[in-house]
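The values are calculated or read from the model by the stated rules, or taken from the named source; none is laboratory data. It should be emphasised that the depicted structure is a prediction, and the values quoted were computed from it without experimental measurement. In this analysis, Cβ positions are derived from the backbone assuming ideal geometry, glycine residues included, and neighbour counts consider all displayed protein chains. Keep in mind that these areas ignore ligands, DNA and RNA; they rest on the heavy atoms of the full protein, side chains included. Shrake-Rupley method; radii C 1.70, N 1.55, O 1.52, S 1.80 Å.
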Amino acid sequence: MTDKMHVKLKVNGENREFLAEPRELLIYALREHLNITGPHVGCDTSHCGACTVTLNGKSVKSCTMFVAQANGAEITTIEGLGNPAALHVLQENFREHHGLQCGFCTPGMITRAAKLLEENPNPTEAEVRFGIAGNICRCTGYQNIVKSILAAADEMNAAKEAAQ
Amino acid sequence: MNDMTPERDERAANLKGLGCSRKRVEDARFTQGKGNYVDDIKLPGMLHGDFVRSPYAHARVVSVDKEAALALPGVVAVLTAEDLAPLGLHWMPTLAGDKQMVLADGKVLFQGQEVAFVVAEDRYIAADAVELVEVEYEELPVLTDPFEALKSDVVLREDLAGQTEGAHGPRKHHNHIFTWEQGDETGTNQVIDNADVVATESMYYHRTHPCPLETCGAVASMDAVNGKLTIYGTFQAPHAVRTVVSLISGIEEHNIRVVSPDIGGGFGNKVGVYPGYVCSVVASIVTGRPVKWVEDRMENLMSTAFARDYWMTGKISATKEGKITGLHCQVTADHGGFDACADPTKFPAGFMNICTGSYDIPTAYLSVDGVYTNKAPGGVSYRCSFRVTEAVYFIERMIEVLAIEMDMDAADLRRINFIKKEQFPYQSALGWEYDSGDYHRAWDKVMEAVDYKGLRKEQAERVEAFKRGETRTLMGIGLCHFTEIVGAGPVKNCDILGLGMFDSCEIRIHPTGSAIARLGTISQGQGHATTFAQILATEIGLPADSITIEEGDTDTAPYGLGTYGSRSTPVAGAATAMAGRKIRAKAQMIAAYLLEVHDNDVEFDVDRFVVKGAPERFKTMKEIAFASYNQAIPGLEPGLEAVSYYDPPNMTYPFGAYVCVMDIDVDTGVPEVRRFYALDDCGTRINPMIIEGQIHGGLTEALAVALGQEIAYDEQGNVKTGTLMDFFLPTAWEVPNYETDHTVTPSPHHPIGAKGVGESPHVGGVPCFSNAVHDAFRPFGLRQTNMPHDHWRIWQTANRLGLHD
Ligand code: FES
Ligand code: FES
């Protein structure tokens, strides 16, 4: 066991502080110290994307980073994307288009998709498929996930146009 | 009076009952990160367990030294077989009538086998302590090939030495488990010996793994004060787990509560009982604190539940015209170190005897030999109903091979041999009674939709262009017509550990006209909370949105055998409908009383009972629900509740017709699925949106298995595919869009005619993808090449056929 360090993170807009061993993976720090259990562990070898969060503006697999490396970072997880009163457009569209089954990949998938649509608000189907290729889903075969993301993009673009 | 009027249509639509694509009620929590999976559970004072595992596939365990581990601050206990032995828990029964070591008892039989269980304050300390446990091994000769194992002097299971009788009859050799025979051997041999045409082929259906995104895990909590044990876990069959835990631990069943919370995919992986579950329970009893165990991905792939691993040899005979006359199938099944297959007791090779497929084959014979090797135990139904995937792969390859032998089109050959609509219920040569089907209609619909003739023409042109050197890609047309057998099953022949495979539903209607229904099954992504409410909505006339479905808590749910083998809709779905009908029967009496007419003078109409011939006089189900709680009705008990335990009279037999069009780059071995057309007939359709989702998912798992996914071992028994780097799970980038279609042939014996669908696409998809690969090379003389057809193997095939010369 190594000495614990003082970790400061800004998670979903809130400042959080806690003691953790530097070698702890960010995913466990989020899940076990902060009780943020939306992001999941599907492999802990950076292959499945179930643990995806947004860290300092980038999609990151939080099982691939030590909590020490994340110290001071700003993090968004699925819990920070929307709330029951105001769901994120992606959350609505995943439901609408049956983009999930067991739900285990869903938090990582939606978090990644949200970042993808920020990076590329008008993706083609191929760009969506490539853009989420770091996130594995064992249940849906992706077809409805892709559909959900494309529908969300359309809806977000329509809303933007309407606002102009 | 029952004509559909717009007003009536609207009332029906409000119920969101059978047949509508109701959005899922589960999604609100899953899309917001509020699911509750096993690893999300945190109990006060909870400890973490982790395994010391064997690096060897076969070795004697000479000693286990726990001193250093126990000295590490934060380590609470280290358990070995010696610690479990006094409790009689160092071995446990398997679902297949064998037994399995919980922790290594003197030797290990596969790489990754559980040797010691470390319990510590957190998961990091536990992992550190695992490294500190010193185990001395003495290596033994390793057997990874079942054919070698049957010849070898090396005894794998010393605990069974001298036992010539196993759970499924005589054992022929010390590494032999059982021989299972079905059908008429002499008759089949005679037919084949005298046939016009015979095709023979051997094929290996490789070992793979269900690999749901969530691994297996449990949290056990023994309350020493009240003597109550609670186990949260990734259980596809929570009630069976409760019974098994009670039987092996001696804790009375009423003192055990098993809870399956949200489950992150199962696909068969979570049917079995694993050493991790048992060790968490023991550790909680020993330490007096809750203990969590969650396996990591590598442990999951190495130790908890492989699928397939069948070596199959077939002979199929036919007349000159192509009418099949006989089928002979011999299987050598590699079961690994323990026989832990999850099959109904009387079926040690599952429903492999559905291997006559969709065809009217008058005579057939099947024999399966189970064999021990130094590989992980398992043998689960990976998105499959008990070896149906193997059976369908076998027959759909044999059909292709026969077509090659006869120089016939494989679609024509299938069509000639389909069981005809008027032959149902159809008695198969290997003992099943197929309930219903219309194979010709399904097949013809698909052939037309894909323009089969046009595809064949294009393919022939491609071959010519290839020969002229104008292209380096070949085109494969994969065909498959499958018949599934699901919904296990009738108690007269289906049980697991003596527990009949019925299922159950209990309904309570609340005074204000909403309801809760509890079932013996458990969803792992299938959306039961959505679909079972739809069945009920139609049966009892209350909106699906007003019905809560609850599963997975053995303290509240009625007993059932769980969810796998596509059994939820055929069995628990039937129980739901039957329980609903009991509610309706009582509601009818209440309505008649309220309307002051005779019971028979009212009839059910969508969401109400109306007086026959006077539809303006009615009582809605909502009114009836309230009345059941506030009126003293002569001869009727208050309240409105019902329970049904449903023992299905037969299995159900969903079927489907699939076509895959694939382009294969001969120089890189890369296959590209250009088109996949899937027609499924699962009988009555409860929720088309969910059915379609199941089909997309099952086809994707089929693509994985056919085109790359495997659990491979080297000669020392090392697992070569222990991480997701080596074990193929397709990403969105590799998966095509699928076209789905359907016909509806209801099951005649199911209360709502539904047959189950979750596994069909996997069962039918694997042979379809594989046949496409084979078909691309058929013009160059390919007959059979084993899966998985990864790029390297496809390249090798092309190379062997001289296509790189
Ligand atoms: S858990 Fe992080 S990528 Fe799988
Ligand atoms: S919904 Fe189950 S893994 Fe994606």
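For B:LYS612, a cut-off of 26 angstrom between C-alpha atoms picks up these lysines, skipping any fewer than 8 places away in its own chain: B:LYS16, B:LYS582, B:LYS586, B:LYS622.
Pair-distance distribution of the stretch A:22-124: all C-alpha pairs, bin width 10 Å, starting at 0; shares per bin in whole percent are 16, 48, 30, 6, 0. Using only alpha-carbon positions in the stretch B:596-667, the gyration tensor eigenvalues give semi-axes of 50, 19, 14 Å once each is multiplied by 5 and square-rooted (largest first). Rounded to 0.05, the FRET efficiency of the B:GLU138 and B:LEU247 pair, given R0 = 25 Å and the Cβ-Cβ distance, is 0.15.
Taking only the alpha-carbon atoms of the protein assembly as shown, what semi-axes of the equivalent ellipsoid follow from 5 times the gyration tensor eigenvalues under a square root, in whole Å, largest first? Present the calculation step by step, with values, prior to reporting the outcome.
Values: eigenvalues 306, 301, 200 Å².
The equivalent ellipsoid of the protein assembly as shown has semi-axes of 39, 39, 32 Å.
Taking N as the residue count of the stretch B:318-387, its C-alpha radius of gyration divided by 2.2 N^0.38 Å amounts to 1.34.
Quick one: grab the alpha carbon gyration tensor of the stretch A:1-69, order the square roots of its eigenvalues as a ≥ b ≥ c, and give me rounded if a/c is under 1.5, else prolate or oblate depending on whether a/b is larger than b/c. Here the stretch A:1-69 falls in the oblate category.
Return the residues of the stretch B:17-53 for which accessible area with all protein chains present is lower than in the chain on its own by 30 Å² or more; set the probe to 1.4 Å and exclude ligands, DNA and RNA. The answer is B:LYS23, B:ARG24, B:ASP27, B:PHE30, B:THR31, B:GLN32, B:GLY33, B:TYR37, B:ASP39, B:ASP40, B:LYS42 - residues whose exposure falls by at least 30 Å² when every protein chain is included. Sum up the charges of everything whose Cβ sits under 14 Å from the Cβ of B:SER514, counting Lys and Arg as +1 and Asp and Glu as -1, but leave B:SER514 out. Residues close to B:SER514 contribute a combined charge of -2.
Solvent exposure of the stretch A:5-80, expressed per residue, is 38 Å² of accessible area, with all protein chains present and a 1.4 angstrom probe.
Can you compute the FRET efficiency between B:VAL744 and B:THR319 using 1/(1 + (r/R0)^6), with r the Cβ-Cβ distance and R0 = 35 Å? Round to the nearest 0.05.
Working: r = 34 Å, r/R0 = 0.96.
So, using R0 = 35 Å, E works out to roughly 0.55.
Counting only residues at least eight positions apart within a chain, or on another chain, the aspartates and glutamates with an alpha carbon under 19 Å from that of A:LYS115 are A:GLU74, A:GLU79, A:GLU92, A:GLU125, A:GLU127, A:ASP154, A:GLU155. Each principal axis of the Cα cloud of chain B was taken in turn, and the coordinate range along them, longest first, works out to 86, 74, 50 Å.
Dipole size of the stretch A:89-158 about its Cα centre, with +1 on Lys/Arg Cβ and -1 on Asp/Glu Cβ: approximately 340 debye, rounded to the nearest 20.
Loop-resident trypsin sites (Lys or Arg not before Pro) (DSSP state other than H, G, I, E or B) in the stretch B:280-360 with no more than 12 further Cβ atoms inside 10 Å of their Cβ: B:LYS320, B:LYS346.
Placing dummy labels 7 Å off each Cα toward the beta-carbon, the span from B:VAL643 to B:ASP105 is 3.6 nm. Place a point 7 Å from Cα of B:GLU470 in the direction of its Cβ. Which residues in the stretch B:766-792 have their backbone N less than 20 Å from it? Taking a point 7 Å out along Cα→Cβ of B:GLU470, the residues of the stretch B:766-792 whose backbone N falls under 20 Å are B:776-777, B:779-780.
Per residue, chain B exposes 33 Å² of solvent-accessible protein surface, assessed with a 1.4 angstrom probe and all protein chains in place.
How high is the FRET efficiency between B:ASN600 and B:GLU433 when r is their beta carbon distance and R₀ equals 35 Å, given to the nearest 0.05?
Numbers: r = 36 Å, r/R0 = 1.02.
It comes out at approximately 0.45.
Working out 0.36 nm times the residue gap between B:GLU405 and B:GLU461, then minus their Cα-Cα distance, what length gain in nm do you get to one decimal? Each step should come with its number before you reach the end.
Values: separation 56, 0.36 × 56 = 20.16 nm, distance 2.26 nm.
Length difference between fully extended and current span is 17.9 nm.
Dividing the convex hull volume of the alpha carbon atoms of the stretch B:626-725 by its residue count gives 278 Å³ per residue.
Between A and B, roughly 4600 Å² of accessible area is buried in total, ligands, DNA and RNA not counted and the probe set to 1.4 Å. Note on B:GLU158 and B:ARG783: the extension gain reaches 220.9 nm, defined as 0.36 nm multiplied by sequence separation minus the Cα-Cα distance. Ignoring lysines fewer than eight residues from B:LYS315 along the same chain, the ones with Cα atoms less than 27 angstrom from its Cα are B:LYS151, B:LYS172, B:LYS323, B:LYS346, B:LYS420, B:LYS421. Burial of accessible area (probe 1.4 Å, heavy atoms of protein chains only) in the stretch B:168-213, relative to its chain alone, reaches at least 30 Å² for B:LEU213.
Classify the stretch B:165-249: rounded, prolate or oblate, from the alpha-carbon gyration tensor (a ≥ b ≥ c, eigenvalue square roots; a/c under 1.5 rounded; otherwise prolate if a/b is larger than b/c)? It comes out prolate by the Cα gyration axes.
Of the residues B:PRO261, A:ALA114, B:GLY513, the one whose Cα sits farthest toward the positive end of the charge dipole of the protein assembly as shown, with +1 on the Cβ of Lys and Arg and -1 on the Cβ of Asp and Glu, is B:GLY513.
Quick check: at a probe of 1.4 Å, how many percent of the accessible area of the protein assembly as shown sits on carbon and sulfur atoms?
Working: 16860 of 33290 Å².
Taking all protein chains in place, the protein assembly as shown shows 51 percent carbon and sulfur surface.
Electrostatic bookkeeping for B:ALA120 treats Lys and Arg as +1 and Asp and Glu as -1; over the other residues with beta carbon under 13 Å from its beta carbon, the sum is -1.
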